[in-house]
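Q: Handing you this structure, nothing more for now.
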C-alpha cells in the first residue's frame, strides 16, 4: 500500500517540459533559468508556466532565457526584456498597477457581487398568496372527487 501511495505521489508531481538539450551545463545557471521560467506564463497554454509547457513558443522563450543568462544578463534584465516584449501578461504574478487592477480585483469583485445577489434573494419575501374563494374551493373539491 505504501508503494502505491508513493507511486501516486510521484505521478502527481508537476511534469517539466524542459528537454535535456535545452539545459545549461552549469548547474547554477540552469537553476537561474528554471527559477525565471517557473514564474513566466506560457502565452499559448496560459495557465502553465513555460517550464511546464511543451508548446513551441514556450520552448523558444526557455531557449531565449538561457541565451541571455549565458551572455551575462541578470535575472532582472532577462525578465524586463520579456515583459517589454510580451507585456505583464507573461508574468504568472503580474505587478499591481493601474493597467492590471481589473485582473487583481475581478475575482474578489465577482465573489462580492455573488454574495450580494444571494443576500438580496434571501431577503425577498414571497408575494402573499390570496386565499381561495368559497366558489373556487367548491370547484377544486369537485375536480378532486372526479379524479378519485
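Q: Any chance the range 77-91 includes a residue that's touching a helix residue (DSSP H, G or I) at 6+ places or on another chain (Cβ under 8 Å), surrounded by 10 or more Cβ atoms within 10 Å (Cβ to Cβ) and more than 30 Å from residue 27 (Cβ to Cβ)?
A: Yes: one or more hits.
Q: Would you please name the residue that is nearest to residue 92 (Cα to Cα), looking only at residues in the range 36-62 that are loosely packed, with under 14 Cβ neighbours inside 10 Å and modelled with pLDDT of 85 or more?
A: Per the stated criteria, the residue is 44.
The values are calculated or read from the model by the stated rules, or taken from the named source; none is laboratory data. Computed from a prediction, not measured in an experiment: that's the story for all the values here. For neighbour counting, all protein chains shown are included, and Cβ atoms are generated from backbone atoms with ideal geometry for every residue, glycine included.
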